[in-house]
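The structure under discussion appears below in the form of structure tokens.
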């Protein structure tokens, strides 16, 4: 068979077309692969390596998610540096922006004698005007408030108002403090004037902590500044005692107490550590003076700042007195000055001295009687007593006489002021001595009275102080213990109980008085961790009884909170029909089992960790033995 003359050229053209098509296809694929690789490398260098690069003939397609429009533009520019920009197809998507998180609102409040400073960020919806007005009142005017607060327009956090309100109430009680506030948390650092003030502030602040607010409380009481810096040691020939004792350091106190014990100290041994000593050698000077009293066989030494007054017992031997006084004067540190007094022996024909007597009864009745020099002193003493004791009822039994000693009016007024330091007692004022006796709830009252009399009458004044500290009169120590509080609640509910409307958690009207009595007891108790336990009888389902008992315990907690009882440390807990105290088969038993109980929450003891190598080795050996036994 012979091919047509046209078939051969046609076949040649067909083969040539196929070869051209195949070559063009190969060239396009090579160009596409090279373009994709080059664009991918350019994106990596531009920090956009997470995108997918696809080739579609001469076109380059970019796919994937970028974080912003700026990132999209950077990717397109990077691809356009490799291939013609018109060949780049943008198939990228931009990620949705996450909502901006609200800021952490916080306030730092600093209060001192110069005013109040505030810095921080608060919500725009806060009552800033009311807060500023309250703080300005505390600081003594808006010009004493440095307000650097900023506001942000975000929702108020749930626990922010309670935390901020508590911080402002605390600021009112703390003139020297730093308070940090965040939502649900308040941190307080403050300085109190004394240990008693610190205890009172801690009790007051803890009782008003709102629910859901955490409070970190740190109140310190620095050493008091005492002026004049005073020690008064008395030795009557049989034993010694301190009327006042102040030391500047623990080492100084040790020196003073050691010297007093060697001199026959009776009763309490200890001094108040305070600031204000006139010399670093205060403890040494006081110890030398006490040793001098012991060498004399008795007497009184008063050290007031740098003045030392040594008074021997009446009738002491002149030669021995001169020797002891001379040695003490030479041994005292340089700044101390000694005055030595040797009283004359009393005569046999001495008559009783004139007296002024002031008494304070436990009920607060004040009586003044005895001798005064004139009408002016009489009126002054009455008005001074009225001001000191805060009462308008002063029983006057005074008598005006002539010939009273010089300085009698000063001694009378000093005696009235000394009596005001006591809860009850008496003061006897005589020309050569002053006697203070009584009871007090202030453990430092004796030292305070001694410093007062030295300041008013001079360091050489003769006085006796017989003051007894009575714990029941101390407003801090007299607070009932947690156990006593629970015992009082048990007594108050012994013949009565908290009852509820049938099948509900509503406290019945008859039980309102019981709740009032319990609230009155709890308001006198500080830092009390208490569980309010609810119980039911066995009627009904176990799950329903548990739920009802929980609701009733919470109802009692709510009722106490409404009566201004601090309940932040109370826990309501329902026990349902558990722990019956009577037979549930009788109506009387079921009535007894439907009850509310109050009991202390006692922290679980923390297991002691081994502290020595022997204890650790013993524990490891015991653990190995136990493992061997189990195998």
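The values are calculated or read from the model by the stated rules, or taken from the named source; none is laboratory data. Remember, it's a predicted structure, so these values are computed and weren't measured experimentally. Neighbour counts are summed over all protein chains in view; Cβ atoms, including those assigned to glycine, are modelled from backbone coordinates with ideal geometry.
Can you find even one residue in segment 343-355 that is surrounded by fewer than 18 Cβ atoms within 10 Å (Cβ to Cβ) and closer than 30 Å to residue 441 by Cα?
yes
Among what's in segment 212-226 and is touching a helix residue (DSSP H, G or I) at 6+ places or on another chain (Cβ under 8 Å) and farther than 18 Å from residue 178 by Cβ, pick the residue that is surrounded by the fewest Cβ atoms within 10 Å (Cβ to Cβ).
212
Please find, among 196, 189, 202, the residue that is at pLDDT 90 or above, surrounded by 15 or more Cβ atoms within 10 Å (Cβ to Cβ) and not in a loop (DSSP other than H, G, I, E, B).
Of 196, 189, 202, the one residue that is at pLDDT 90 or above, surrounded by 15 or more Cβ atoms within 10 Å (Cβ to Cβ) and not in a loop (DSSP other than H, G, I, E, B) is 189.
Counting only residues that are surrounded by 22 or more Cβ atoms within 10 Å (Cβ to Cβ) and assigned to a strand (DSSP E or B), how many does segment 245-275 have?
2
Of the residues in segment 139-153, how many are in a helix (DSSP H, G or I) and in contact with a helix residue (DSSP H, G or I) (Cβ under 6 Å, 6 or more places away or on another chain)?
1
Kindly provide the set of residues from segment 419-435 that are under 24 Å from residue 472 (Cβ atoms) and part of a loop (DSSP other than H, G, I, E, B), ordered by number.
420, 421, 422, 423
Have a look at 292, 285 and point out the one that is over 30 Å from residue 196 (Cβ atoms), part of a helix (DSSP H, G or I), touching a strand residue (DSSP E or B) at 6+ places or on another chain (Cβ under 9 Å) and at pLDDT 90 or above.
Going through 292, 285 in turn, just one is over 30 Å from residue 196 (Cβ atoms), part of a helix (DSSP H, G or I), touching a strand residue (DSSP E or B) at 6+ places or on another chain (Cβ under 9 Å) and at pLDDT 90 or above: 292.
Report whether or not residue 466 is assigned to a strand (DSSP E or B) and either surrounded by fewer than 19 Cβ atoms within 10 Å (Cβ to Cβ) or modelled with pLDDT of 85 or more (or both).
So residue 466 passes the test.
Got a number for residues in segment 318-334 being farther than 18 Å from residue 462 by Cβ and either surrounded by 13 or more Cβ atoms within 10 Å (Cβ to Cβ) or in contact with a helix residue (DSSP H, G or I) (Cβ under 9 Å, 6 or more places away or on another chain) (or both)?
Counting residues in segment 318-334 that are farther than 18 Å from residue 462 by Cβ and either surrounded by 13 or more Cβ atoms within 10 Å (Cβ to Cβ) or in contact with a helix residue (DSSP H, G or I) (Cβ under 9 Å, 6 or more places away or on another chain) (or both) gives 9.
Identify all residues within segment 347-369 that are closer than 22 Å to residue 411 by Cα and at pLDDT below 85; write none if there are none.
If the condition is that a residue be closer than 22 Å to residue 411 by Cα and at pLDDT below 85, then 350, 351, 352, 353 are the ones that fit.
Do you know which residues across segment 520-545 are within 24 Å of the chain's Cα centre (by Cα), free of Cβ contacts under 8 Å to residues at least 60 places away in the same chain and surrounded by 15 or more Cβ atoms within 10 Å (Cβ to Cβ)?
Within segment 520-545, 521, 522, 525 meet the criteria.
Give me a count of the residues in segment 61-81 that are buried (at least 16 other Cβ atoms within 10 Å of the Cβ) and more than 22 Å from residue 95 (Cα to Cα).
So the answer is 1.
Regarding residue 395, is this residue in contact with a strand residue (DSSP E or B) (Cβ under 9 Å, 6 or more places away or on another chain) and surrounded by 14 or more Cβ atoms within 10 Å (Cβ to Cβ)?
When the stated conditions are applied, residue 395 does not pass them.
What's the total number of residues in segment 485-536 that are part of a loop (DSSP other than H, G, I, E, B), farther than 21 Å from residue 594 by Cβ and in contact with a helix residue (DSSP H, G or I) (Cβ under 7 Å, 6 or more places away or on another chain)? I'd like the intermediate steps shown before the answer.
Of all residues in segment 485-536, those part of a loop (DSSP other than H, G, I, E, B) come to 493-499, 501-506, 508, 523-529, 536.
Then drop every residue that is not farther than 21 Å from residue 594 by Cβ, which leaves 523-529.
When the remaining residues are screened for being in contact with a helix residue (DSSP H, G or I) (Cβ under 7 Å, 6 or more places away or on another chain), the result is 525-528.
Qualifying residue count for the region: 4.
Return yes or no: is residue 386 closer than 25 Å to residue 300 by Cα, in contact with a strand residue (DSSP E or B) (Cβ under 8 Å, 6 or more places away or on another chain), in a helix (DSSP H, G or I) and modelled with pLDDT of 85 or more?
For residue 386, the condition - closer than 25 Å to residue 300 by Cα, in contact with a strand residue (DSSP E or B) (Cβ under 8 Å, 6 or more places away or on another chain), in a helix (DSSP H, G or I) and modelled with pLDDT of 85 or more - is not met.
Can you pull out the residues in segment 171-184 that are touching a strand residue (DSSP E or B) at 6+ places or on another chain (Cβ under 8 Å), over 16 Å from residue 137 (Cα atoms) and either exposed (fewer than 15 other Cβ atoms within 10 Å of the Cβ) or touching a residue at least 60 places away in the same chain (Cβ under 8 Å) (or both)? If you could, list the steps in order and put the result at the bottom.
Pass one, segment 171-184, residues touching a strand residue (DSSP E or B) at 6+ places or on another chain (Cβ under 8 Å): 171, 174-182, 184.
Imposing the further condition that a residue be over 16 Å from residue 137 (Cα atoms) reduces the set to 177-182, 184.
Matches in segment 171-184: 177, 178, 179, 180, 181, 182.
Of the residues in segment 429-438, how many are touching a residue at least 60 places away in the same chain (Cβ under 8 Å) and touching a helix residue (DSSP H, G or I) at 6+ places or on another chain (Cβ under 8 Å)?
Within segment 429-438, residues that are touching a residue at least 60 places away in the same chain (Cβ under 8 Å) and touching a helix residue (DSSP H, G or I) at 6+ places or on another chain (Cβ under 8 Å) number 3.
Would you confirm whether or not segment 154-175 contains a residue that is in a strand (DSSP E or B) and under 25 Å from residue 133 (Cβ atoms)?
Within segment 154-175, not a single residue is in a strand (DSSP E or B) and under 25 Å from residue 133 (Cβ atoms).
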